[in-house]
Amino acid sequence: MAVFWGLMIPFAGTVLGAAMVFLMKREMPAWVEKLLAGFAAGVMIAASVWSLLIPSMEMTGGRWAFVPASVGFLAGVAFLLILDSLTPHLHVLSGNREGLPLRIPPKVMLFFAVTLHNIPEGMAVGVAFAAAVSQGMNVTLASAAALSIGIAIQNFPEGAIVSMPFRSEGLSRRGAFALGALSGAVEPIAGFVTFLVTASVLTAMPYLLAFAAGAMIYVVVEELIPESQVGEHSNIATIGLALGFALMMVLDVALG
């Protein structure tokens, strides 16, 4: 049950964030979007370091502990690079199109974009809980829970960022909420699949932890940071990143 709820907590954060469409106007202020995007980036960077890369190297130990972490990290970046290149999607803040040039409505492309970003987050939680329930992996349930809570916190503003554009496009509040919430459903699915795979292949645990870190860092560097720094209010985005990083660091150290 602890693993089940741990995998569901990030999804709950997205659902609660998407529910903000019932309380806010059709458009979210630009500075708020920048603040929330920076905050999400900060959480993901800190989670990648403290909750994934450091445990990966601690599991391996010794002089060559960096090898599984480096290999897994680069593999995670490559995996997201391939998905990002193939999946037709729309950048949330800038509206730039990426992926295969298929004729897909902007609303669907926006949905694909957020769903794509949620995959590495679900993988990170899944592999963290797999490490926590396995013996000799130096990852506690409290540490895995801290990662889950941290991602849920950054999913809250992300859910709002996703649902509000759907509302601006003319969807009803219920429709915008449903799509915003549904975009986060991939997280528990990816988390559960990763949990099963990782728990059955314990020798690959250090690689998979670093793999999830690489996938999350790709999202941060490819989209969150560039979009949050374009145009006005870039300083607010930087403040959001610092706050998100500090919060995730505190959660991991205090609970882990």
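Points worth noting:
- Using alpha-carbon coordinates, inclination of helix 30-46 to the longest axis of the chain, degrees: 10 degrees
- Taking other Cβ atoms within 10 Å as a rough exposure proxy, Ser70, Ser183, Ser148, Ser143 sort from fewest to most as Ser70, Ser143, Ser183, Ser148.
- Across the stretch 240-246, rounded Karplus estimates of 3J(HN,Hα) from the backbone phi angles (6.51 cos²θ - 1.76 cosθ + 1.60, θ = phi - 60°) give x, 4, 4, 5, x, 4, 5 Hz, Gly and Pro being marked x.
- Helix-only CD estimate at 222 nm, as mean residue ellipticity for the chain, using -39500 (n - 2.57) per DSSP H run (n ≥ 4): -24000 deg cm²/dmol
- The chain: relative contact order as a whole-number percent, Cα under 8 Å and 6+ apart: 44 percent
- Legend: ranking of residues Arg174, Arg97, Arg63, Arg167 from fewest to most surrounding C-beta atoms inside 10 Å; resulting order Arg63, Arg174, Arg97, Arg167.
- The convex hull around the C-alpha trace of the stretch 98-218, projected and averaged over every direction, spans 8.3 square nanometres.
- When the Gaussian network model of the chain links Cα atoms closer than 10 Å, the mean-square fluctuations of Phe73, Phe177, Phe112 top out at Phe112.
- Look at Glu98, Glu223, Glu58, Glu121 and count the other Cβ atoms within 10 Å of each Cβ; fewest to most, that gives Glu58, Glu98, Glu223, Glu121.
- Against the chain, whose longest principal axis comes from its Cα atoms, helix 141-168 is set at around 20 degrees.
- Most fluctuating residue given options Leu202, Leu179, Leu110, as computed from a GNM of the chain linking Cα atoms under 10 Å: Leu202
We did not get these values from a lab; they are worked out from the coordinates using the rules stated. Every value quoted in this text rests on a predicted model; they were computed, and no experiment measured them. As a convention, Cβ positions derive from the backbone with ideal geometry for all residues, glycine included, and neighbour counts pool all protein chains shown.
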